[in-house]
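For reference, the structure is listed below as C-alpha cells.
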Amino acid sequence: MKPEKRSGTAKLPLRRGGPAARIAVIPGDGIGKEVVPEAVKVLRAALKRPIEFVEFDWGADKYLRDGVSLPPGAVQMLREEFDAILFGALGDPRVPSNQHAADILFGLRFKLDLYVNARPVELLHDRLTPLRDRTEKHIRLMVIRENTEGLYVGVGGFFKKGTPDEVAVQEDVNTRKGVERIIRYAFDYARQNGLKRVCMSDKSNAMTFAHDLWQRVFKEVRQEYPGIDSRHLYIDTLAMELVRDPSQFDVIVTCNLFGDIISDLGAQLAGGLGLAPSGNIHPGSTSLFEPVHGSAPNIAGKGIANPLGAVLTSAMMLEFLGWNHEAAALREAVRASLRQNKFTTDLGGEMKTAELGDWLARFVKQRAQN
C-alpha cells in the first residue's frame with residue numbers, strides 16, 4: 001500500500017517564544033557528560049539570539065561526594081528561573097540502586113508535572129532502518145506517552161521480603177485528569193501539525209479497570225476531533241503493526257509503561273537509540289529535553305558516544321522555545337552528517353564524539369551565515 005504524503009517536521013507547543021532564553025544544563029552521568037557539551041556547542045553555533053546556559057553537576061559524582069541528588073529548592077528554581085532543561089543521562093555502576101537517578105529524573109518529571117513524554121520516531125536515512133524496503137517516507141510518527149502516572153509512580157511494596165513467601169506489589173495508578181489530558185494533548189498535537197491519525201493503545205482486555213478508564217475517556221475525547229481518524233489497538237497488536245507497516249501511524253498515545261516500551265521499538269526502526277530524542281513537557285511551563293540512550297557506562301570516557309540524539313533533542317527544545325528556524329538547522333546538520341558518512345562507530349563510522357560535534361557546529365554556523 002502506497003503511504004500517504006506526510007506534512008513536514010512536526011512542531012512542539014510554544015513555551016514563551018521570546019528573543020532570549022535561559023537553559024539549565026544537567027549532563028548527569030556516563031556519556032551524558034560527553035554528548036551534552038557537544039549539543040551545547042552546536043546550539044551556540046546555530047543561535048544568534050541571546051541564550052544563557054547554566055550547568056548543574058547533579059549526578060552520581062555529587063551523590064557519592066555529598067550525599068545529595070536533587071538539592072532542596074531545585075524544582076522551584078528551575079520552574080521560576082529557566083525556560084527549559086537540557087538533560088544528559090543518569091546511571092552509574094557505583095550507585096547500584098540508582099537512587100540518585102530516580103530522585104533527579106523522576107523527581108523533575110513528577111514535581112514539574114511533565115505529563116507529556118514526546119518521542120519522535122523519524123527515519124533520517126534509508127540505510128538506518130532494519131526494515132526491508134522501507135524509506136524515510138514510511139517512518140515518521142510521534143509517540144505521546146503519559147509521563148506522571150501508571151506503574152512508574154512507585155506505589156506498592158514488599159511483604160516478607162527475602163523469604164520464600166515474599167510478595168511484591170506494584171500499583172498502576174490512572175486518574176481521569178491524567179488520562180484525559182494526555183489523550184487530548186495527542187489530538188491537539190495532531191491537529192496543530194496537520195496530522196490525520198491518532199492511535200490509542202492499551203491492554204483493556206486484561207487490565208479491565210485501569211484501561212477501561214482509558215477506553216471511556218478516549219471514546220469521549222475523540223468526538224471533539226471529527227477531522228482526525230482515531231483508532232484503538234491493544235499494545236501487543238500495536239507492536240506487531242508498527243513493525244509490519246509503520247507508515248500507517250501519525251500519532252500514538254498510550255500509558256507510561258507501554259509508551260516506554262513502544263517508543264524504544266520505534267527508535268530501533270529509525271536507526272537506534274543513538275538517534276532518539278525526547279521531550280518531557282508541560283505545555284507553557286519549564287520542560288526537560290533528553291536523549292534517550294542512557295548513560296551507557298560500558299562506553300563512557302572512550303570518546304565514541306553518538307551526540308546526534310542530543311543534537312536532535314536540542315532541536316526539540318528549540319521548537320518548544322518557538323525557535324523553529326534554528327531547530328531546522330540542527331536537524332539538517334544531522335541529516336547532512338548521515339548523508340556524508342560523518343558519524344560515530346555505532347552507526348558504522350569512524351568519528352569521535354567531539355569530532356562529530358565540531359563538524360555539526362561548523363555546518364550550522366555556515367548555514368547561519370548564508
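Taking label points 7 Å from Cα along the Cα-to-Cβ direction, Ser285 and Thr237 give a separation of 3.5 nm.
Is the shape of the chain best called rounded, prolate or oblate, per the rule: a/c under 1.5 gives rounded, else a/b larger than b/c gives prolate, else oblate, with a ≥ b ≥ c the square roots of the Cα gyration tensor eigenvalues? Here the chain falls in the rounded category. Set the Förster distance to 45 Å, then compute FRET efficiency between Arg22 and Asp229 from the Cβ-Cβ distance, nearest 0.05. The value I calculate is 0.65. Divide the volume of the convex hull around the Cα atoms of the stretch 121-278 by the residue count and you get 137 Å³ per residue. Annotation: peptides 85-94, 133-142, ranked by per-residue average of other Cβ atoms within 10 Å with the highest first, follow the order 85-94, 133-142. Amide H contacts for Gly322 (H built 1.01 Å from N in the peptide plane; partners 5 or more residues away or on another chain; cut-off under 5 Å): Arg15. Per residue, the average separation of C-alpha pairs within less than 8 Å and at least 6 apart gives the stretch 121-278 a relative contact order of 35 percent.
Between Gln215 and Asp133, the simple label model (points 7 Å from Cα in the Cβ direction) yields a spacing of 3.6 nm. Span-like helix check, the chain: qualifying full DSSP H segments, with Cα axial length of 15 Å or more and mean Kyte-Doolittle of -0.5 or more, are 32-46, 256-269, 308-321, 324-339.
Quick note: the coordinates plus some simple rules give every number you see, no bench work behind them. All values reported here derive from a predicted model rather than from experimental measurement. A quick note on method: Cβ atoms are made from the backbone with ideal geometry, for glycine too, and the neighbour counts reach across all protein chains shown.
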